[in-house]
Amino acid sequence: MINFVIVSHSAKIAQGVSELARQIASPECLIIPAGGIDDAKNPIGTDAVKIMQAIEEAFSPDGVLIMVDLGSAILSAETALDLLEPSLAEHVKISPAPLVEGTLAAVISACSGDSMACVLEEANQAANLKLEMVS
């Protein structure tokens, strides 16, 4: 099963998206939040070590998909991949999809047994549904 790490600059957003995704996920699908930084005065940001630990917790040989909220979260996720053992990192992908829509589409795809390529494509196409609705 492909599992997920949800990266947001806000711990509350990462937790909320994870909670929402768990509502539609099968029980064996792991969805691990990795949001915010451990600084009570300035909690907004991303932490590569926290992301790395979340990847290790979510690890599956089928893969781990990292969902991110903002561009700088991609940089932290890439740093987390550099910190991982290469044998683990090769099973991890980062999606630039919209955080909420992309996560939900990807979780549905993963729980249907789709491959990482299909799950990543579903995540990345998620914004198109809303675009079609408002056009």
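Miscellaneous remarks
- Matching residues in the stretch 103-135 - criterion: being under 13 Å from I24 (Cα atoms) and in contact (Cβ under 8 Å) with a residue 12 or more places away in the chain: T103, L104, A105, A106, V107, I108, S109, A110, C111
- Elements of the type helices (runs of 4 or more DSSP H) sitting completely within the stretch 43-135 and holding at least 1 residues that are modelled with pLDDT under 95, surrounded by fewer than 23 Cβ atoms within 10 Å (Cβ to Cβ) and of a type in the set (V, I, T): these cover 116-134.
- Residue that is on the phi < 0 side of the Ramachandran plot, touching a residue at least 60 places away in the same chain (Cβ under 8 Å) and of a type in the set (S, T, Y), where the choices are S8, S60: S8
- In the stretch 8-40, the residues that are of a type in the set (A, V, I, L, M, F, W, C), closer than 19 Å to G113 by Cα and out of contact with any strand residue (DSSP E or B) (no Cβ under 9 Å at 6 or more places or on another chain): I24
- Among residues of the stretch 22-43 that are polar (S, T, N, Q), those with a beta-carbon under 7 Å from a residue that is outside any loop (DSSP other than H, G, I, E, B) at least six positions away or on a different chain give the pairs S26/C111.
- Scan of the stretch 11-35 for residues that are buried (at least 16 other Cβ atoms within 10 Å of the Cβ) and either among the hydroxyl-bearing types (S, T, Y) or in a loop (DSSP other than H, G, I, E, B) (or both), ordered by number: S18, A25, C29, L30
- Residue in the stretch 1-10 that is nearest to L120 (Cα to Cα), counting only those that are hydrophobic (A, V, I, L, M, F, W, C) and part of a strand (DSSP E or B): F4
- Count of the stretch 44-57 residues which are under 16 Å from K12 (Cα atoms), in contact (Cβ under 8 Å) with a residue 40 or more places away in the chain and not small (G, A, S): 1
The values are calculated or read from the model by the stated rules, or taken from the named source; none is laboratory data. These numbers come from a predicted model, not from an experiment. Every residue, glycine as well, gets a Cβ built from its backbone with ideal geometry; the counts of neighbours run over all protein chains shown.
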